Amino acid sequence: MSGNDVVGQFLGSNIVLLLLAAFIILSIFLGVRIVPQSQKFVVERFGRLQAVLGPGINFIIPFLDRVRHRVSILERQLPNATQDAITRDNVLVQIDTSVFYRILEPEKTVYRIRDVDAAIATTVAGIVRAEIGKMDLDEVQSNRSALITQIKESVEDAVDAWGIEVTRAEILDVNLDQATRDAMLQQLNAERERRAQVTRAEGQKRAVELNADAELYAAEQTAKARRIQADAEAYATEVVAKAIAANGIEAAQYQVALKQVEALVAVGAGEGKQTVLLPANALDAFADAFTMLKGGKS
């Protein structure tokens with residue numbers, strides 16, 4: 001064997017080894033897939049779905065399996081949308097909505113729907129119009145949380161076949177035309193005036209009740225004072241009666257004389273312009289009262 005033949009064989013064997021090494025390296029490169037935490041890979045084999053690769057290191061068959069779709073599983077927000085709707089009481093409103101979603105099953109999303117964002121936006125618009133049509137304007141404005149919950153549930157049911165989860169649905173604003181706003185303002189002012197009138201009427205009613213309570217209290221106190229005075233007079237009469245019973249006619253004469261003295265003192269307490277007429281026995285009354293009083297003290 002010549003030297004050229006030996007060199008040829010050596011070169012040929014080296015080329016085979018190099019090709020084999022290159023094939024092994026390429027197979028490893030094509031067969032190993034590292035998936036980020038925020039993504040999922042959809043693998044096809046001969047054009048058909050083969051597997052969905054999750055985050056981490058994954059192995060596929062080189063040259064047979066191929067990663068066709070890299071799908072983000074992060075939460076997404078649709079652009080804010082505005083759609084017109086008519087309430088049950090025939091009021092035209094504009095609803096500003098915002099929807100958040102994320103993809104749970106990429107194999108459904110990539111094979112069942114072409115434009116996910118547009119499909120969800122159209123679905124939300126239809127559901128919002130349908131739900132608004134079931135409610136009056138006052139209910140739309142006062143029960144916004146219940147409306148949001150209902151819209152979210154309806155959207156979830158509609159997009160479930162696409163492997164999507166609706167995480168949040170928000171109604172950002174409810175806009176009305178100027179004519180409706182003016183009518184609502186007039187209604188609001190009328191309601192405020194009605195409440196003010198009711199408040200004033202209730203205040204007047206309360207004032208009358210309090211005045212009546214005050215008058216009743218005053219009457220009760222007057223009656224109580226009169227009752228006390230009557231009890232005092234009755235007690236005094238009882239004392240006089242007991243004195244008369246104990247001391248006879250002298251106690252009665254003493255009381256009569258004392259009353260006469262008190263009457264004369266009251267008449268003489270004037271301003272000095274009046275004329276005082278004394279009975280003929282006035283001095284006798286003074287003397288009798290003094291004598292009885294002196295005798296009672298002894």
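The values are calculated or read from the model by the stated rules, or taken from the named source; none is laboratory data. Small disclaimer: the values here were computed from a predicted structure and weren't measured. Ideal geometry is used to build each Cβ from the backbone, glycine not excepted, and the neighbour counts take in all protein chains shown.
Observations, loosely collected:
Each row is one residue, and each column tells you yes or no for (1) touching a Lys or Arg at 6+ places or on another chain (Cβ under 9 Å); (2) in a strand (DSSP E or B).
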site: Val71; (1), (2): yes, yes
site: Thr82; (1), (2): no, yes
site: Val93; (1), (2): no, yes
site: Thr97; (1), (2): no, yes
site: Arg102; (1), (2): yes, yes
site: Lys108; (1), (2): no, no
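- Filter pass, Val166 being surrounded by 12 or more Cβ atoms within 10 Å (Cβ to Cβ), closer than 20 Å to Asn90 by Cα and among the hydrophobic types (A, V, I, L, M, F, W, C): no
- Any hit, the stretch 121-135, residues being assigned to a helix (DSSP H, G or I), exposed (fewer than 13 other Cβ atoms within 10 Å of the Cβ) and of a type in the set (A, V, I, L, M): no
- Taken as a whole, the structure places Leu172 among residues that are under 23 Å from the mean Cα position of the chain (by Cα) and either within 19 Å of Ser142 (Cβ to Cβ) or in the same structural domain as Ser145 (by TED's automatic domain parsing) (or both).
- Top-ranked residue of the stretch 27-65 - restricted to ones that are on the phi > 0 side of the Ramachandran plot and outside any strand (DSSP E or B), ranked as surrounded by the most Cβ atoms within 10 Å (Cβ to Cβ): Phe63
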